[in-house]
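Asks: The structure is given below, and queries will be raised subsequently.
The values are calculated or read from the model by the stated rules, or taken from the named source; none is laboratory data. Here the structure is a predicted model, which is why all the values come from computation and not from measurement. Neighbour counts run over all protein chains shown; Cβ positions are idealised from the backbone, glycine included. For the accessible areas, the whole protein counts, side chains as well, though only heavy atoms, and no ligand, DNA or RNA atoms are used. Shrake-Rupley method; radii C 1.70, N 1.55, O 1.52, S 1.80 Å.
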Amino acid sequence: MPVTYKDKYTKIYSGDAFQYLKKLKRSSVDLMIIDPPYFLSNGGFSNSGGKMVSVDKGDWDKVEDPEQFYVEMLDLVDRLLTKNGSFFVFGSMHNIYILGYLIKKRQFKILNNITWQKSNPAPNLSRRMFTHSTETVLWVRRENGKQIFNYDQMRALNGGRQMKDVWTTATTNNLEKRFGKHPSQKPLSLIRRMILAASNEGDMVLDPFMGSGTTIVAARQLNRQGIGVEIEPEYASIATERIKDLENEKIGKIK
Ligand code: SAM
């Protein structure tokens, strides 16, 4: 599988995560950040720049059987995660319930149900329901594991009070998109918080569906090792450019 970038800390692969990760050593990953396709590109509509447009993020967001995709994804997680490792998985109301169900069926424990609140969501053009302004992130470990949680650091970042499970940011800023746009790019501040909370310097962080490389950028900034895999070469090259230009990343505010 083509490696598009490699240094002492970071590796970026361009290809299918299911193929590549089968070859990665069992129990070799301390933390996974998983932002899988939500499989929304199925004829529905969304708001783009104030216009009602049909949702079509690309072929990567369409499969025959989303549930089977998630089952295979969790098989990989199970194989790769260390005994005390953990993972964060993103979802919206469209896929989070099936993800939660599949996670609960295995030997995993959901530690938190984090709500990511967007301070500037796109308005709901239909005017027939509330504006969608949140996504969910499940934080999960093995049933018998003991996760890393940097409690003191999180409390200090939250002004001396315990950090809660509702995190608020604006949608991804344009400076984070300076090498090209990804339709589902997550804010760097959000992923940095996950990595800071649940891993230590030098740990191995893996993102199997890396997109524009937000996880890999955050891991490198925080002195973690990082592996990212992305099936679309265009996005793998955005990630590579971002890693090479690390010092110009703008970290947005998070509350
Ligand atoms: N968190 C990312 C970011 O901040 O840019 C966005 C991730 S996006 C929701 C999911 C990504 O998974 C897409 O870029 C898609 O191309 C990629 N993808 C889908 N199936 C894949 C597969 N089998 N192997 C590797 N990447 C895949």
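Asks: Just to be sure, is residue 110 open to solvent by less than 30 Å² (accessible area, probe 1.4 Å) and either out of contact with any strand residue (DSSP E or B) (no Cβ under 9 Å at 6 or more places or on another chain) or under 19 Å from residue 67 (Cα atoms) (or both)?
Replies: The answer is no for residue 110.
Asks: Okay, next question. Are there any pairs, at least 6 apart or on different chains, whose C-beta atoms fall under 6 Å, with the first in segment 182-206 and within 24 Å of residue 241 (Cβ to Cβ) and within 11 Å of the ligand (Cβ to nearest atom) and the second open to solvent by less than 10 Å² (accessible area, probe 1.4 Å) and in a loop (DSSP other than H, G, I, E, B), and if so, which?
Replies: Final answer for the pair search is 182/211; 182/212; 185/212.
Asks: Looking at segment 56-92 only, could you name the residues that are aliphatic (A, V, I, L, M), open to solvent by 40 Å² or more (accessible area, probe 1.4 Å) and more than 13 Å from the ligand (Cβ to nearest atom)?
Replies: Matches in segment 56-92: 71 only.
Asks: Moving on. Please state which one of 186, 164 is part of a loop (DSSP other than H, G, I, E, B) and open to solvent by 40 Å² or more (accessible area, probe 1.4 Å). Let's see the steps before the verdict.
Replies: On the way: 186 fails: open to solvent by 40 Å² or more (accessible area, probe 1.4 Å).
Testing whether each residue is part of a loop (DSSP other than H, G, I, E, B) and open to solvent by 40 Å² or more (accessible area, probe 1.4 Å) leaves just 164.
Asks: Would you please name the residue that is modelled with the lowest pLDDT, looking only at residues in segment 15-55 that are assigned to a loop (DSSP other than H, G, I, E, B) and open to solvent by 90 Å² or more (accessible area, probe 1.4 Å)?
Replies: This residue is 42.
Asks: Among the residues that make up segment 202-225, is at least one of them in contact with a helix residue (DSSP H, G or I) (Cβ under 6 Å, 6 or more places away or on another chain), surrounded by fewer than 15 Cβ atoms within 10 Å (Cβ to Cβ) and either at pLDDT 95 or above or within 29 Å of residue 141 (Cα to Cα) (or both)?
Replies: No: segment 202-225 contains no residue that is in contact with a helix residue (DSSP H, G or I) (Cβ under 6 Å, 6 or more places away or on another chain), surrounded by fewer than 15 Cβ atoms within 10 Å (Cβ to Cβ) and either at pLDDT 95 or above or within 29 Å of residue 141 (Cα to Cα) (or both).
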